[in-house]
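Scroll down for the structure; my scribbles are underneath it.
The values are calculated or read from the model by the stated rules, or taken from the named source; none is laboratory data. Model, not experiment: these values are computed from the prediction. Cβ placement follows ideal geometry from the backbone for every residue including glycine, while neighbour counts extend to all protein chains displayed. Accessible surface areas use protein heavy atoms only, side chains included; no ligands, DNA or RNA. Shrake-Rupley method; radii C 1.70, N 1.55, O 1.52, S 1.80 Å.
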Amino acid sequence: MLLLHGLLGGADVLLNHELLVRLPSRPGAAAEQRLHSLREAIFGLLFPSLGLFAWQGWLAWWPALLLLAEIGVSLRDTVVEGRTRRLPLPEQILHVLLFINLGVIATLLLQALPGWLALPSGVHALPADGPGSWLAAMGAISLTWSMRDALSARRLRLRASGARAA
């Protein structure tokens, strides 16, 4: 489900944010770009955290808190997007699919969490081959894109404040 989320999220970013709407250069999109940067940073940590490591005991709260933070960012992003622009149909569809998949991920994590919490505290490496390596790669891409969107948000904010001052 995490791999699917990375693919759906990547499609949303490339198709909708970059090609259709051009958010990184769109006036008024600074707040949305900040939220996207935060979301990408969260997934940049969550993907490799769950793909490469087993979290046990109280440390199992780490991926749960990341997922909870992502849900909060997604809710806020929905409000900001609704106030600042009309979403194209492909973006609306991808967002529904992403929310459904996020619900599946949250359900699976909530089902696993009690068992993880019952184990002695520790973090153990999982085999780096297979899904873990793909999730680590998605995490690296997500962190890189997070920095790009943060710079875009800063540039848009500075451009807007310069326009107000003029």
Can you grab the distance from the C-alpha centre of the stretch 38-64 to the C-alpha centre of the stretch 135-154, Å, no decimals?
16
Between Leu87 and Trp58, what is 0.36 nm times their sequence separation minus the Cα-Cα distance? Round to one decimal in nm.
6.4 nm
Would you mind giving the average projected area, over all directions, of the Cα convex hull of the chain in nm² with one decimal?
10.0
Here the FRET efficiency for Ser25 versus Met1, based on Cβ atoms and R0 = 35 Å and rounded to 0.05, is 0.60
The chain accessible area per residue, 1.4 Å probe, protein heavy atoms, integer Å², reads 55
Using the Karplus curve 6.51 cos²θ - 1.76 cosθ + 1.60 with θ = phi - 60°, what ³J(HN,Hα) values do you get for each residue of the stretch 99-113, in whole Hz, with x for Gly and Pro?
5, 4, 5, 4, x, 5, 4, 4, 4, 5, 5, 5, 6, 7, 4
Extension reserve of the Ala137-Leu119 stretch, reckoned as 0.36 nm per residue once the Cα distance is removed
3.6 nm
By accessible area of protein heavy atoms, probe 1.4 Å, what ranking do Ser49, Ser161 get, highest first?
Ser161, Ser49
For a test of the definition: using alpha carbon positions, the gyration tensor, and the 1.5 limit on a/c, classify the stretch 85-152 as rounded, prolate or oblate.
oblate
Within the accessible area of the stretch 1-142 (1.4 Å probe), percent carbon and sulfur:
75
Could you calculate the FRET efficiency of Val96 with Leu14 from 1/(1 + (r/R0)^6), where r is the beta carbon distance between them and R0 is 22 Å, rounded to 0.05?
0.75
How would you classify the stretch 17-93 from its alpha-carbon gyration tensor, with a ≥ b ≥ c the square roots of the eigenvalues: rounded for a/c under 1.5, else prolate if a/b is greater than b/c, otherwise oblate?
prolate
Checked against the positive end of the charge dipole of the chain (+1 on Cβ of Lys and Arg, -1 on Cβ of Asp and Glu, about the Cα centre), the farthest of Leu3, Leu110, Ala160 is Ala160
Set the Förster radius R0 to 35 Å, insert the Cβ-Cβ distance between Arg154 and Gln111 as r into 1/(1 + (r/R0)^6), and round the FRET efficiency to 0.05.
0.35
